[in-house]
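The values are calculated or read from the model by the stated rules, or taken from the named source; none is laboratory data. Note that the coordinates shown come from a computational prediction; the quantities given were computed from them, not determined experimentally. All Cβ positions, even for glycine, are placed from backbone atoms using ideal geometry, and neighbour counts span all protein chains on display. Heavy atoms of the whole protein, side chains included, go into the accessibility calculation; ligands, DNA and RNA do not. Shrake-Rupley method; radii C 1.70, N 1.55, O 1.52, S 1.80 Å.
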Amino acid sequence: MQADAADDTMTEDLKARAVLHRLLNNDDYHIEFNGCLPNHVKQALVGLYGLQADEHAIKRYWRFYTECTPYGYPLSARQNAGEPLGPNEWRELLGQKQKYEELLLFFDNEEHLHGLDETIRKFAPTLVQGMPGAMTHGIIHLGWGLDVRNRRMILEGLAYMVHSGLSTHPERFVHRAENERTPFESFLRIADAERREGVRAQVFEAAVNHEKYSEASNFRTDLIPSGFQWQVAKVLEEGHPILYHLPTWIDDLEFEDALEMLYKDVAILYLTTTGEHDEDEDEERLGGCFLGIHFLISLWGAEQVAVLLPVEEQRAVLKAYYVTVLSLLLTSSNGIPTAEALLGVQERCNTADDPDDFLVSADWNSVLPRAISENEAHNIKLAYVASKLWHRYAYWKGFRIVASSFTITPRLGPGRAAFFFMDMLRHFTPPFET
């Protein structure tokens, strides 16, 4: 009987995997829609598969998202490619939001010549420096494609990183400038700078309100429709020492140790980015900030890329990621969490769960089916990453809390109900003429 059950489980997994890769290989849609919004559907499918969703749940989500996105906008159709790119033309296209289809063909040819892993090693050291672009969805798409080794999705991720990149300006980095042993110490220092100096306002006001970055100046006018991304581009272009004075832990720690600390500390950061919390609230209600989710799911993507690279380039990935997180925090209206908030969440989270505890098991048994039935792609991805990290890092409680701290879909468009109402009107034919 146990053997039969194991065979059934394997069969279900093979069916789900076949459906996953068939849909990931689909080339009907562009990587962005409505001009600036990232197409999340394939990333969500990877998350669903990782959550052990069956083939029907994976198909359901594909139909849901491709019929109409949660924002109320339809996906954009794939465009036809123009002339093939020259061997170095991709560099000229970095961050220009142009020629995505041509970039896709370019990387397709590179992969045929060199193989997937060598293609990653050839281009990733340059591309990861544009990690803040598209609110990190380039590195997410690339890394999550690597997670399931889907060739089409990996090539899309490479093309999207060129297409959407916003430079972290590694030429400005001051290495080993801050003597700190952990990412958490770095976040506490930045929180202190915010308390003493209002550093976020300094950076944000200097960049966002400067006339050289105004709409009239033509600075990155292609990003104006995206709003937040335009402001991030200004912050990165203007720069500030707090972005580029790098801490010593990135160079001193082994990559695996730095990665574990980063995962835990950005989880804490995520759980504080909605502000102070009522001590009487359930711990599962902490967090939920839409921006903060990207800190975790982009680190998962960055890890999948970094493990294919030499040690020094792995450190370069972590440095780009660190500056990316700070640039998004400094641009966000949520601001920088206080030291008290960081320490408070750390105290509540920094212990190991007993995996055999009934309440812990009950929590996961509630969260994971809920994630599989979600319509918000970020919640699917969040639950997948948090569950993987909980198992990897000795059942650290914070990841269980993160897994259930879902966000809500931001109101970036008219919503699905409005889309279907307008679609109905477009197809409605009056029964008589007036």
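Mind checking which residues of segment 338-383 are in a loop (DSSP other than H, G, I, E, B), of a type outside the set (S, T, N, Q) and over 20 Å from the mean Cα position of the chain (by Cα)?
Within segment 338-383, Asp353, Asp354, Pro355, Asp356, Asp357 meet the criteria.
Return the residue satisfying two criteria in turn: it lies in segment 74-116 and is of a type in the set (Lys, Arg) and surrounded by 12 or more Cβ atoms within 10 Å (Cβ to Cβ), and of such residues it is nearest to the chain's Cα centre (by Cα).
Here the residue is Lys97.
Mind checking whether some residue in segment 17-35 is open to solvent by 20 Å² or more (accessible area, probe 1.4 Å), over 23 Å from Leu104 (Cα atoms), touching a residue at least 12 places away in the same chain (Cβ under 8 Å) and not aliphatic (A, V, I, L, M)?
Checked segment 17-35: at least one residue is open to solvent by 20 Å² or more (accessible area, probe 1.4 Å), over 23 Å from Leu104 (Cα atoms), touching a residue at least 12 places away in the same chain (Cβ under 8 Å) and not aliphatic (A, V, I, L, M).
In the set Thr338, Thr351, Thr331, which member is surrounded by 18 or more Cβ atoms within 10 Å (Cβ to Cβ) and touching a helix residue (DSSP H, G or I) at 6+ places or on another chain (Cβ under 7 Å)?
Matching residue, one of Thr338, Thr351, Thr331: Thr331.
Which members of segment 150-160 meet the condition of being in a helix (DSSP H, G or I) and closer than 17 Å to Val46 by Cβ?
Arg151, Arg152, Met153, Ile154, Leu155, Glu156, Gly157, Leu158, Tyr160
Of the residues Ala134, Ala177, Ala193, Ala206, which single one is in contact (Cβ under 8 Å) with a residue 12 or more places away in the chain, under 15 Å from Pro241 (Cβ atoms) and in contact with a strand residue (DSSP E or B) (Cβ under 8 Å, 6 or more places away or on another chain)?
Just one listed residue meets the conditions, Ala177.
Kindly list the number of the only condition in (1) touching a Phe, Trp or Tyr at 6+ places or on another chain (Cβ under 9 Å); (2) buried (at least 16 other Cβ atoms within 10 Å of the Cβ); (3) of a type outside the set (Ser, Thr, Tyr) that fails for Ala124.
Ala124 satisfies all of (1) touching a Phe, Trp or Tyr at 6+ places or on another chain (Cβ under 9 Å); (2) buried (at least 16 other Cβ atoms within 10 Å of the Cβ); (3) of a type outside the set (Ser, Thr, Tyr) except (1).
With a cut-off of at least 2 residues that are at pLDDT 90 or above, of a type in the set (A, V, I, L, M) and within 16 Å of the chain's Cα centre (by Cα), name the helices (runs of 4 or more DSSP H) lying wholly within segment 212-318.
255-272, 290-306
Checking Arg200 against (1) charged (D, E, K, R); (2) under 30 Å from Lys97 (Cα atoms); (3) open to solvent by less than 50 Å² (accessible area, probe 1.4 Å); (4) out of contact with any Asp or Glu (no Cβ under 7 Å at 6 or more places or on another chain), which single condition isn't satisfied?
Condition (4) is where Arg200 drops out.
Of all residues in segment 1-51 being aromatic (Phe, Trp, Tyr) and assigned to a strand (DSSP E or B), which is modelled with the highest pLDDT?
Tyr29
For segment 56-129, list the helices (runs of 4 or more DSSP H) that sit wholly inside it and hold at least 2 residues that are of a type in the set (Ser, Thr, Tyr); which are they?
So the answer is 116-127.
Which numbered condition trips up Asp356, out of (1) open to solvent by less than 50 Å² (accessible area, probe 1.4 Å); (2) farther than 26 Å from Glu303 by Cα; (3) among the acidic types (Asp, Glu)?
The single condition Asp356 does not satisfy is (1).
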